[in-house]
Amino acid sequence: MSRVKINYPDQIPIFTIEIPVRITDLNYGNHLGNDAVLSIIHEARARFLHKNKLNELNIGNCGLIMADTAIVYKAEAFFGDLLKIDIFADNLSTLSFDLLYKVTTIRDKEEIVVCDVKTGMVCFDYEKRKVCPMPAGFRKMLG
């Protein structure tokens with residue numbers, strides 16, 4: 001079986017945040033559930049946008065919509081773990097880009113990669129219900 005591979009660009013993250021694993025993030029295996037991973041990266045993305053006085057409905061003259069996602073699990077995360085999420089931007093085009101999320105935690109003084117995540121983001125005009133060009137200011141913010 002071929003595995004999904006997420007390669008990070010050779011640059012510093014555009015945003016870093018720490019988010020704790022909550023008890024409600026656990027599944028029947030008593031570890032971080034796959035649905036919770038998507039919620040956590042959504043929170044990280046929303047906080048990145050908020051820090052820049054934007055949100056998913058307004059990144060300039062349009063919004064964002066997620067076109068695809070991929071998660072590559074590397075290790076378990078547990079209740080009480082503090083997840084560090086480094087966000088990188090990659091594959092910028094006229095209409096879309098990828099956000100890459102490196103999710104790690106520290107356990108026994110060692111950094112552990114919990115998962116690598118990619119979300120394919122498309123610039124979207126919610127009023128016209130169609131794809132739109134990426135605003136220049138937003139593109140500059142992504143690097």
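The values are calculated or read from the model by the stated rules, or taken from the named source; none is laboratory data. All figures in this text were calculated on a predicted structure; none of them were measured in a lab. Counting neighbours? That spans all protein chains shown, and the Cβs are built from the backbone with ideal geometry, glycine included.
Annotations for the structure displayed:
- Condition broken by Asp98, with the remaining ones in (1) out of contact with any Ser or Thr (no Cβ under 8 Å at 6 or more places or on another chain); (2) modelled with pLDDT of 95 or more; (3) acidic (Asp, Glu) satisfied: (1)
- Whenever a residue of region 21-50 is surrounded by 10 or more Cβ atoms within 10 Å (Cβ to Cβ), its partners that are hydroxyl-bearing (Ser, Thr, Tyr) and in a helix (DSSP H, G or I), lying with C-beta atoms within less than 8 angstrom and at least six residues away or across chains, give the pairs Asp25/Ser39; Ala36/Thr24.
- Residue that is modelled with the lowest pLDDT [pool: residues in region 41-61 that are in contact with a Gly (Cβ under 7 Å, 6 or more places away or on another chain) and more than 16 Å from Ala89 (Cα to Cα)]: Gly60
- Listed conditions (1) surrounded by fewer than 14 Cβ atoms within 10 Å (Cβ to Cβ); (2) at pLDDT 95 or above are all met by Val122, apart from (1).
- Total residues in region 67-88, condition outside any loop (DSSP other than H, G, I, E, B) and touching a Lys or Arg at 6+ places or on another chain (Cβ under 9 Å): 10
- Any hit, region 88-98, residues being in contact with a strand residue (DSSP E or B) (Cβ under 6 Å, 6 or more places away or on another chain) and of a type in the set (Ser, Thr, Tyr): yes
- Total residues in region 89-100, condition touching a Pro at 6+ places or on another chain (Cβ under 8 Å) and in a loop (DSSP other than H, G, I, E, B): 2
- Enumeration of residues in region 8-20 that are assigned to a loop (DSSP other than H, G, I, E, B) and surrounded by 13 or more Cβ atoms within 10 Å (Cβ to Cβ): Tyr8, Pro9, Pro13, Ile14
- Enumeration of residues in region 73-95 that are surrounded by 14 or more Cβ atoms within 10 Å (Cβ to Cβ) and β-branched (Val, Ile, Thr): Ile85, Ile87
- Any chance Ile112 is without any contact (Cβ under 8 Å) to a residue 60 or more places away in the chain and in contact with a strand residue (DSSP E or B) (Cβ under 8 Å, 6 or more places away or on another chain): yes
- Residue in region 109-123 that is over 23 Å from Ile12 (Cα atoms) and part of a strand (DSSP E or B) present: yes
- Selection status of Lys5, exposed (fewer than 13 other Cβ atoms within 10 Å of the Cβ), within 17 Å of Val114 (Cβ to Cβ) and not hydrophobic (A, V, I, L, M, F, W, C): yes
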